[in-house]
Structure formats: structure tokens, C-alpha cells
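Heads up: the structure comes next, in C-alpha cells.
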Amino acid sequence: MSLKKYVLWLIIILVLPIISKAAVGNTSSLTGEVKLYFFYENNCEECDKEKNWLEEYTSTHGRINVNYYNKNDNEELFNNVKKSLKIKKETLPLTIIGSNYIKGFDENKIIEILNAYQNKDYCNLVEKLENNEAIDNCLKENKNIYQEKTNNKTLIIVGISILSLIILGSSGYYLYKRRKNNEIIDK
């Protein structure tokens, strides 16, 4: 088998599983409803920015159900959420998706977590707290959902690194063989 065929088959064997796994785990629009809980306070500039962004984002993207909670009107729920998630320092806005939270306004992080929860059955921490239900399994289940998304990114990076090494190694080998052949011809 020639070097070119060998390299081509090696690339196909290594890259195909990576591409297929990434394609399955990375779609851009949300098709399953994801519930987002947004805790805010009046006269909070960051809260207003996120609230405006959420309204705009949810109007153009899939099925996202946003529940808005004024912290002062929902003090008990807010404190239960903080306690359950072990949030020590109070920061607003506070956004909860499943059992993942974002302190302050970070649109990239919100989108990343929303995408991780798409088309997944997940435990809704705030809803469970509102209904006085147990949340122990909720924290474990949702950590796995978000971790799975992170693992996909790692897999892609590792795959690209391996592919780069193969290409560089093959190129070096090809140049070495070519130089060696030229030396034989010159003699």
C-alpha cells in the first residue's frame, strides 16, 4: 500500500468517529424546551442587560421558557437556591438552568449551558425547590449533562491534535524518502 493511501485511510479511521460524535452533540437550535430561571433586582444594571438580552435571544431561538424572579419578592426561593447550589456570595443577576448557575451576566456561558441541555431529560432544581421535592439526584444528573458537552469539545481537540501529528509525521517521512531517493539517483 502506498504512503498516500495509508495516510488517507488513517485519517478516515481517526477523524470519522470524532466528526460524527461532534455533529450529534452540537446542534445550534434548541428543539426541546429548556427552562431558565432568572433572579434579578430592580435598579441593577447587569440585571437589566441580561433581561433585555434574554428577551431578544428567546424571541429568535428555540423553545426556552424563562421564569423571571425579583429577588426581593422571592427571598425564600432565592435563599433555597443559593443554599442548594452552595453559592456563598450573593451576586445578581443569577441565572439557573437545570442545576447549573451563572452569577452575573455572561451570554456565552448561558448559550453554552442551554445547548448542553437541549433534547435532554434533566432535573429542574428550581422547580423541585418550589414544590418542596428532594433535589439530591438533581445535582448529580445535571452535572453529567453539562460534563458530556465538555467531553465532546475535548474529544474534538484531541482528534485534531492527533490528525495534525499524523499529517506532520507523514510529510516528514515523505520528504525523508524523497531526499534519500534523490541521493541514490545522484550517486
Let me know the shape class of region 34-134, please: from the alpha-carbon gyration tensor, a ≥ b ≥ c as square roots of the eigenvalues, rounded when a/c is under 1.5, otherwise prolate if a/b is greater than b/c, or oblate.
oblate
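Taking K and R as +1 and D and E as -1, what net charge do the other residues with C-beta under 15 Å from the C-beta of E33 add up to? Kindly include the intermediate steps, with their values, before the conclusion.
Working: positive: K35, R63, K120; negative: D121, E127.
Cβ neighbours under 15 Å give a net charge of +1.
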By the scheme Lys and Arg +1, Asp and Glu -1, what is the net charge of all other residues having a beta-carbon under 10 Å from that of N65?
+1
Can you tell me which of 50-58, 77-85 comes out highest on packing, and rank the rest after it, using the mean Cβ neighbours within 10 Å?
77-85, 50-58
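Exposure proxy check: K177, K128, K86 ranked by fewest other beta carbons within 10 Å?
Going from least to most buried by this count: K86, K177, K128.
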Quick check on the exposure proxy: order Y40, Y68 from fewest to most C-beta atoms within 10 angstrom.
Y68, Y40
With +1 assigned to the C-beta of every Lys and Arg and -1 to the C-beta of every Asp and Glu, and no other charges, what is the dipole magnitude of region 34-134 about the Cα centre in debye, to the nearest 20?
440 debye
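Quick note: the coordinates plus some simple rules give every number you see, no bench work behind them. The model shown is predicted, which means the values in this text are computed figures rather than measured ones. Here Cβ is always computed from backbone atoms with ideal geometry, including for glycine, and neighbour counts include all displayed protein chains.
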